Amino acid sequence: MSSTLPHNVENSWQDAWNSAQDTIARIRDDVASSSSPSPRITRVGKVDAELLDAELVQVLKEPLTKALSLVDSAFKAKFDPELTLFIHLVLYKLSVWDHGASYGAKLQGLKYAPLRALTSSGIPRTTLALHSFISIFVPYFHTRLRAHALSNAWPDAPSSDRRRRIWELLTRFETLHGLLALLNFIVFLKNGRFRTLADRIFGLRLVPARRQFQREVSYEFMNRQMVWHAFTEFLLFLLPLINTRAIRRQVSSLASRVTLVSLLPAPVRTLVGASASPEAQSEKRTRRGKYWSLPSDHCAICADNASTNLNFSDPANALTSLSVVSPYTTAGPSPPDTDDPDYVPQFPIHSAYVTSCGHVYCYYCLTERMMRTADERSGVGPNGMLWECPRCTEAVFAADRLEAEAEGPEYESGVDDDDDDAMSGTMSFDSGLDTEFTDMSGSVGSFADSEESGMYSD
């Protein structure tokens, strides 16, 4: 019984082997007849190869354009398409014609599939010549023809003109090419075979350059771009919240008060004789602003606006306004002669208003500065709400209309005595300050006289 059991098992194995011979033979035939599996090509690799080729053309074109512009400044406008054509031809000869892959495709580990031709690239020369003509020369001819048509106003020609018909035919070809390119790209996204119309016409498709291919993607550049984008977004959010005008004012005020002598210790100042005398100390206590030496019949705000406004319409005189008021910021030049009958202030005061510190400005200039300082909190005093006078650097907390008494011979007018008395009440000057405005007659007196003469003439 024990000797017959192994014999039966051996017979069952042999029967199973014999019955499986037909199935094994069929599998062997299928494996032998089937082609080797091709590795999967990512579509993004092919698209990146095309973008890399375009970027390489721009990288080579920019320095050549700059170098040739030194010889002829109009070179870029005249021969830009020819320079692009030359670069494309050189790159095509050194890459696709000789090795069967562009430089962008090589960086992505791709090449054109050989078409069973005895050439270095594996592609027939005729196919490469026609492919280069369609992908390089046709875009060049299109660019030149379109530029020539636009420069000669072909679109504006009459409908019966031959140039107008050629232009319409050109636009139709452009529309047809755009539609075909869109359809080809949709099909490419589906099967990933032919990237461009020229590749589809000649059956050129990109395949891996090596059998064992692994596409390595570096995210370092992407991470750097994301960090920089987040940083710029943060700056765009933060900068409007920073009051740069107040910071600049504080820094300039601090820099104007700090001198080299004040940084020295007291014994050193005494040793070098830099200690100020009582008269100098009393003069130092008198605060002086940027326009302290500006004549009193000039508006310091108008002078400051003129010093910061550039004349961009005339590049030759763009910096002229910066030097107009520079002599008034120092004590060197002598003041102008106000007794001259032809004397006209460079920055006259209109609608004169006197500040709490006793200086006179234009009404509109003073109102604009005080309101802007209060809105931006860029001044002095509590919370930076008070405007700083550019003559004495004192905080201005109030301003009143300057009232001056008109002087001159008596004259007859059409104004009644009651109206004259009422008007004279408004023209009486009482500033409540010890500062005298006798030297302001050049501007304030002329303003008051012109205002009064205008009212009387009515």
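What follows draws every value from the coordinates through simple rules; no lab data is involved. Fair warning: this is a prediction, and the values are worked out from it, not measured in the lab. Glycine gets a Cβ as well: all are built from the backbone with ideal geometry, and neighbour counts include every protein chain shown.
Within the stretch 48-70, which residues have the backbone N less than 20 Å from the label spot 7 Å out from ALA209 along Cα→beta-carbon, could you tell me?
48-60
Please list 3J(HN,Hα) in residue order for the stretch 140-148, calculated via the Karplus relation 6.51 cos²θ - 1.76 cosθ + 1.60 where θ = phi - 60°; whole Hz, with x for glycine and proline.
Each residue's phi maps through the Karplus curve to give 5, 5, 5, 5, 5, 5, 5, 5, 5 Hz.
Mind jotting down the three principal axis lengths of the stretch 43-214 based on Cα atoms? Whole angstrom, largest first.
In descending order, the Cα extents are 60, 41, 30 Å.
Taking amide H positions as placed in the peptide plane 1.01 Å from N, state which residues far from GLU403 in sequence (5 or more) or on other chains have amide H under 5 Å from it.
Excluding prolines and chain starts, which carry no amide H, the hits are ASP430.
Could you give the nm distance between label points at ASP15 and VAL90, where each point is 7 Å from its Cα heading toward the beta carbon?
8.1 nm
Subtracting the Cα-Cα distance from 0.36 nm times the residue separation, let me have the gained length for THR367 to SER33 in nm, one decimal. Please report the intermediate quantities before stating the final value.
Details: separation 334, 0.36 × 334 = 120.24 nm, distance 9.42 nm.
Taking 0.36 nm per residue and subtracting the Cα distance, the gain is 110.8 nm.
Need the full-extension length gain, ALA181 to MET226, defined as separation in residues times 0.36 nm minus the C-alpha distance. One decimal, nm. Don't jump to the answer; show the numbers that get you there.
Numbers: separation 45, 0.36 × 45 = 16.20 nm, distance 3.19 nm.
Fully extending the segment from ALA181 to MET226 adds 13.0 nm.
Using 1/(1 + (r/R0)^6) with R0 = 22 angstrom and r between the beta carbons of VAL59 and ASP98, what's the FRET efficiency to the nearest 0.05? Could the numbers behind the result be given before it?
Details: r = 21 Å, r/R0 = 0.93.
It comes to 0.60.
Set the Förster distance to 56 Å, then compute FRET efficiency between SER159 and PHE397 from the Cβ-Cβ distance, nearest 0.05.
Working: r = 74 Å, r/R0 = 1.33.
Using R0 = 56 Å, I get an efficiency of 0.15.
Quick one: if the Förster radius is 35 Å, what FRET efficiency do SER73 and LEU51 give, using the C-beta to C-beta distance and rounding to 0.05? Please list the in-between numbers first.
Details: r = 31 Å, r/R0 = 0.89.
Computed FRET efficiency for SER73 and LEU51 comes out at 0.65.
Relative to the present Cα-Cα distance, how much length would full extension add between GLN250 and ASN191 at 0.36 nm per residue of separation?
Numbers: separation 59, 0.36 × 59 = 21.24 nm, distance 6.63 nm.
Contour length minus Cα-Cα distance gives 14.6 nm.
Would you mind ranking VAL90, VAL57 by Cβ crowding within 10 Å, fewest neighbours first? Can you show the working numbers first?
Working: VAL90 11, VAL57 15.
Least crowded to most crowded, the residues run VAL90, VAL57.
Summing Lys, Arg as +1 and Asp, Glu as -1, what charge do residues with Cβ under 12 Å from the Cβ of LYS76 carry, LYS76 excluded?
-1
Evaluate the distance, in nm, between pseudo-label points positioned 7 Å from the Cα of ARG172 and of ASN243 along their respective Cα→Cβ axes.
Once both label points are built, they end up 6.8 nm from each other.
Which ³J(HN,Hα) values, rounded to whole Hz and listed in residue order, are derived for the stretch 185-194 from phi using the Karplus coefficients 6.51, -1.76 and 1.60 in 6.51 cos²θ - 1.76 cosθ + 1.60 with θ = phi - 60°, glycine and proline given as x?
So the Karplus estimates, Gly and Pro as x, are 5, 5, 5, 4, 5, 7, 10, x, 9, 10 Hz.
For LYS46, list the lysines whose Cα falls under 16 Å from its own Cα; do not include residues on the same chain fewer than 8 positions away.
LYS106, LYS111, LYS190
Using the Karplus equation 6.51 cos²θ - 1.76 cosθ + 1.60 (θ = phi - 60°), what ³J(HN,Hα) coupling, rounded to whole Hz, does each residue of the stretch 104-109 give in order, writing x for Gly and Pro?
Working through the residues one at a time gives x, 5, 5, 5, 8, x Hz.
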